[in-house]
Amino acid sequence: MSKFLVAAVLLSLINHGADLATAWDDKDFFRYCPASKCSKHGPEIRFPFRLKSSNTSCSMTPCMELACSDQDTILVHPSLGRCKVTAIDYPNRHMYITPLVFYSSPCPLKKLFSRSIPIDAYAENQGPCPDIFLEQNMTLVCCPREFTPSSIDVADSIAGPVSCLSNATNFSYLVDSSGPISILPSDCKVCSDGVVPIAFNSDLRSMYDDGPPPFKSSAERILSFAEIKLEWREMDENIPCLYCEQQGRHCAFSSERNQTFCMPHGIASN
């Protein structure tokens, strides 16, 4: 047998072994990390998310944990706190949430700013789950009078006044934390101790490929106490889950290789 033929046979065996290893990885993932639900009509929970009570190897980060509370699916968001998850769109990396503070407080924003992240510490410490979700930061600003923004750019950086935090002598506004305070009237001042991250208005993302959508469109979702469309980031850029899901294949995770992979067509996740 020639050296070339031997090499070809060995290469074939190696490739076959790699295929078996991949299939075994898939089998292990389904065995230990099946899809689950908190209720019959609740959203399906699967990678990159996992139930808090499931195997820790089923996710790349604890920041993607979900929990069941009675029949509800719960996400503990870094700034919004406990949120009810009503739907998860895996192919587009979206989930729909309603912060429980919307139900429990007559002025949810007051509660949100009470647990805001200190401005001077934000750049150094964004908590245990930095950059998981696509968000903008808002600051609370107080003005002695109601005002009209001087330009479209300024108007896009401000939302309000916030009715439950305003009165005849004080008008509170939500302002994009990344913008200069100089865009506001000189008698306005920052009246929050920190910043609160808010989700991008994902419905407008496709219109702003070079950056985030206008701050105002995102902040008004908070002001109206509406359901929030939250977009999460890819955990592994080498094999993006978005690529798998848009091919009609589920995304999975190998704890041995510490990377994601696409599950073969026809293999169910539960």
A correct Karplus calculation of ³J(HN,Hα) over the range 87-92, with 6.51 cos²θ - 1.76 cosθ + 1.60, θ = phi - 60°, whole Hz and x for Gly and Pro, returns 7, 10, 9, 5, x, 10
Give me V175, V76, V101, V196 sorted ascending by neighbouring Cβ count inside 10 Å, so fewest comes first. V76, V101, V196, V175
From the backbone phi of the range 37-47, what are the Karplus-calculated ³J(HN,Hα) couplings (6.51 cos²θ - 1.76 cosθ + 1.60, θ = phi - 60°) in whole Hz, Gly and Pro given as x? 9, 8, 7, 4, 9, x, x, 6, 10, 8, 3
Would you list S105, S182 from fewest to most Cβ contacts within 10 Å? S182, S105
Here, H265 and R145, labelled 7 Å along Cα→Cβ, have an inter-label distance in nm of 6.7
Phi-derived 3J(HN,Hα) across the range 79-84 with the Karplus relation (6.51, -1.76, 1.60, θ = phi - 60°), rounded Hz, x for Gly and Pro, is 10, 7, x, 6, 10, 7
23 Å Cα-Cα threshold exceeded, pairs from K111/K189; K189/K229; K111/K216: K189/K229
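Computed from the coordinates by the stated procedures, all read-outs in this text should not be read as laboratory data. These numbers were taken from a predicted model, which means no experiment stands behind them. Glycine also receives a Cβ, built like all others from the backbone with ideal geometry; neighbour counts cover every protein chain displayed.
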